[in-house]
C-alpha cells in the first residue's frame, strides 16, 4: 500500500503538502506543486483510505440507508425497493457520500449501526415512526424519514400523499363506470402506506354514497393465499368486483396473472389499477394503468434534505409532501354505469 510519506519523498515535498492536495485544500499549495503531486499519485497508484480519512478529519462520508424488513429477506427483489434504493445510491454518490444499506425490523440494531459505523447521516424507509424516540443517536446524527408516518414534528420527513393517491384511484375507477371495486394491499396490517391508501380509496367511494364490503379487501398480495378466495369472489357475475385497485404495481401484475390463470381477460372481464408507476407497469400485458409517484424525485428530495442537515445541523426540521398523478395505459376498461 502506497503511503503519503512515499508520495512526499517522490515529489520532494512534505507529507503535509501531499495531505493538502489529497484532501482538496489546494489553495495552500502552488499550482505547480499540485500538478506534480497528482502526477506522482497517478504513477504510484495511490488509493485514499476513506475510513482513515474520516477518522482523521472526524468527518464521515458514510450514509446509512435503513430499510425496514427481515434480515433473511432480499429486499431488492421488491421492484419498488430496487428503484428507490438504486436512486438513493446514485444521488448520494453524486454528492460525494457512500451508502451503507441496512435491513432491519429492530430499532436496537439501528442504534448500534449509527454508533459503530460513525455515519454522517441516516435515511429511513418503512414504518419506524413508533420507535424514533428510542433511537437516541438521532439527537446528534441528521436523519430523513420516507415512506413512514411520524407524529413527531422534530424529525425530517419526505412523504407521499398516499391518501390523495387512494382517492385519485377510486375516483378514476368510479368515473370509468365501476361500482363494485376490490382493494388489494401489500401488507395492510403493518404498512401505514397501505392503510392511508385504503383510507383515501374509502373516501372516494363515500363521496359517491358507496362503500367497500370487507370481502372485497385483500390484506396482502400473496397469490398463494389469494387464489382460492379470489376464485370464490369471482364465481358469481352478479356480485363479483368489476375492478381491483392494487396498492403496488407488482401486486397489480400478480393480479393480472391470477386472472389469466382463472380464465378472465383484463380489462375485458375485470379491470386492474396499480400504484407507483414502476418500469414493470409498462411491461405487463396488458400495460398497467397506475397511480404514479415520481420515485426518482422522492429520492433526490430525500438526499438533498439530508445533505443540507449534515452541512448545517442547526437547520429546523423539514416536512415535504409529494403529489401523485394518474397514468392511463391498458388495464382499465370503461363499463356501463351500474346505478
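What follows draws every value from the coordinates through simple rules; no lab data is involved. On a predicted model such as this, the values are computed, not experimentally measured, just so you know. Cβ sites come from the backbone with ideal geometry, for glycine too, and all protein chains shown count toward neighbours.
Here is how the numbers come out for the structure above:
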item	result
Stokes-Einstein diffusion coefficient of the stretch 175-325, Kirkwood radius over Cα pairs, 20 °C, 1.002 mPa s, in µm²/s	126 µm²/s
For the stretch 251-338, alpha-carbon Rg over 2.2 N^0.38 Å	1.56
Rg and Dmax [Cα atoms of the chain; Å; Rg one decimal, Dmax integer]	25.6, 89
Projected area averaged over orientations for the stretch 129-230, convex hull of C-alpha atoms, nm²	8.2 nm²
Calculated FRET value between residue 211 and residue 113, using beta carbons and R₀ = 41 Å, to 0.05	0.40
The chain - percent relative contact order, Cα under 8 Å, separation 6 or more	16 percent
Those residues of the stretch 4-21 whose amide nitrogen sits under 15 Å from the label point placed on residue 30, 7 Å along Cα→Cβ	11-14, 17-18
Order by protection proxy (mean Cβ within 10 Å, highest first), peptides 212-219, 234-241	212-219, 234-241
Value of Rg/Rh across the stretch 4-48 [Cα atoms, Kirkwood radius]	0.90
Residue 47/residue 304 FRET efficiency (R0 22 Å; Cβ-Cβ; nearest 0.05)	0.15
Förster radius 35 Å - calculated FRET efficiency between residue 39 and residue 328, Cβ distance, rounded to 0.05	0.05
Share, in percent, of DSSP beta bridges within the chain that are antiparallel, nearest 5	10 percent
Peptides 94-105, 149-160 ordered by average Cβ neighbours within 10 Å, highest first	149-160, 94-105
Rounded to 10°, Cα long-axis angle of helix 192-206 versus longest principal axis of the chain	30 degrees
Peptide ranges 255-266, 220-231, 275-286 listed from the most packed, as the mean C-beta count within 10 angstrom indicates	275-286, 255-266, 220-231
Mean ellipticity per residue at 222 nm, deg cm²/dmol - from DSSP H runs of n ≥ 4 across the chain, formula -39500 (n - 2.57)	-12500 deg cm²/dmol
